[in-house]
1. How many residues does the stretch 124-137 hold that are out of contact with any helix residue (DSSP H, G or I) (no Cβ under 7 Å at 6 or more places or on another chain) and surrounded by 14 or more Cβ atoms within 10 Å (Cβ to Cβ)?
2. Among the residues of the stretch 106-115, is there at least one that is modelled with pLDDT of 90 or more and more than 12 Å from the chain's Cα centre (by Cα)?
3. Condition first: modelled with pLDDT of 95 or more and more than 19 Å from residue 64 (Cβ to Cβ). Can you find one or more residues in the stretch 94-105 that meet it?
4. Within the stretch 144-162, can one find any residue that is in contact with a Pro (Cβ under 6 Å, 6 or more places away or on another chain) and either modelled with pLDDT under 95 or among the hydrophobic types (A, V, I, L, M, F, W, C) (or both)?
5. For the subset of the stretch 1-20 comprising residues that are farther than 14 Å from residue 84 by Cβ and assigned to a loop (DSSP other than H, G, I, E, B), which member is farthest from the chain's Cα centre (by Cα)?
6. Name the single residue, out of those in the stretch 12-54 being more than 26 Å from residue 164 (Cα to Cα) and among the charged types (D, E, K, R), that is surrounded by the most Cβ atoms within 10 Å (Cβ to Cβ).
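The values are calculated or read from the model by the stated rules, or taken from the named source; none is laboratory data. Note that the structure is predicted; figures quoted are calculated from it, not measured. Here Cβ is always computed from backbone atoms with ideal geometry, including for glycine, and neighbour counts include all displayed protein chains.
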Amino acid sequence: MLEKIIADKIRQIRKNRGLTLDQLGKETGLSKALLSRIENNRVSPPIGTLFRISQGLGVPIGFFFADEGSKQKGFSVIRKNERKQVVRKGTKIGFTYHLLTGLNSPHLIEPFIVKYPLIAKEPAVLFDHPGEEFLFVLKGKLALIHGKERIPLNTGDAIHFDPSIPHRGQNMGNQESECLVIVVEKKARDSQ
C-alpha cells in the first residue's frame, strides 16, 4: 500500500512540474524505463533511488511518506511504536529502513533507523548519492564499505562520510545490527 502511495506521489509531482519521464531520468541519472516501472508500482525503489528521485523533483524524501491529512506545526514527533517502514527489503541485501520524521515541509535532513540483517555471503551491491551521510551504530557490529576502504564500527561508533563515493553498510556480527542514519540532501544544503 505504501509503495502505491509513493508511486502516485512521484507521478503527481512530476506531472505538476511539467516533466516527462525522460527529463526526470536525465535529472536523476535513472532510466526512463525504471522510472515508469516505479510510477506504475511495478518496482519498489530502494532508498538511494528514492533519494535521487526526490532530488530530481526538488522535494524532501520525507514528502513521499507524509500523511496527506496531517497538519504541520513546525515539528514532527515519531513515537517508537509508530515508525513507518519506508523500504521493505528495498535492496537484495535486505536492509529495512524506518523513517524518523514526519515533516513534509522542506527540510535538510532525512533520519532513519536502518537494520542490517545477518549475512551468509558478502553482497557486491554498493550505493551512491549526493549530499552527506552520518551513521551511528546503535546495536551490533558493522563494516562500512566506502570506496576501497572497509571501516569496522562497533556499538557506539559513528561515521560521517561522503555518500557520493560508492558505499554500503554490512553486518559483521552474529546478531542484527541497527544504526541511526542521517542523510543530508545536497541541493537543500547548497541553496543556503
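1. Going through the stretch 124-137, the residues out of contact with any helix residue (DSSP H, G or I) (no Cβ under 7 Å at 6 or more places or on another chain) turn out to be 124-126, 128, 132-137.
From the residues that got through so far, the ones that are surrounded by 14 or more Cβ atoms within 10 Å (Cβ to Cβ) too are 128, 132-137.
Of the residues in the stretch 124-137, 7 are out of contact with any helix residue (DSSP H, G or I) (no Cβ under 7 Å at 6 or more places or on another chain) and surrounded by 14 or more Cβ atoms within 10 Å (Cβ to Cβ).
2. The initial filter retains those residues of the stretch 106-115 that are modelled with pLDDT of 90 or more, namely 113-115.
Filter once more, so that each one left must be more than 12 Å from the chain's Cα centre (by Cα): 115.
Within the stretch 106-115, one or more residues are modelled with pLDDT of 90 or more and more than 12 Å from the chain's Cα centre (by Cα).
3. Filtering the stretch 94-105 down to residues modelled with pLDDT of 95 or more leaves none.
No, there is no match, as no residue in the stretch 94-105 is modelled with pLDDT of 95 or more and more than 19 Å from residue 64 (Cβ to Cβ).
4. Within the stretch 144-162, the first condition is being in contact with a Pro (Cβ under 6 Å, 6 or more places away or on another chain), and the residues that meet it are none.
Among the residues of the stretch 144-162, not one is in contact with a Pro (Cβ under 6 Å, 6 or more places away or on another chain) and either modelled with pLDDT under 95 or among the hydrophobic types (A, V, I, L, M, F, W, C) (or both), which makes the answer no.
5. Taking the candidates together, the pick is 18.
6. Ranking the candidates gives 17 first.
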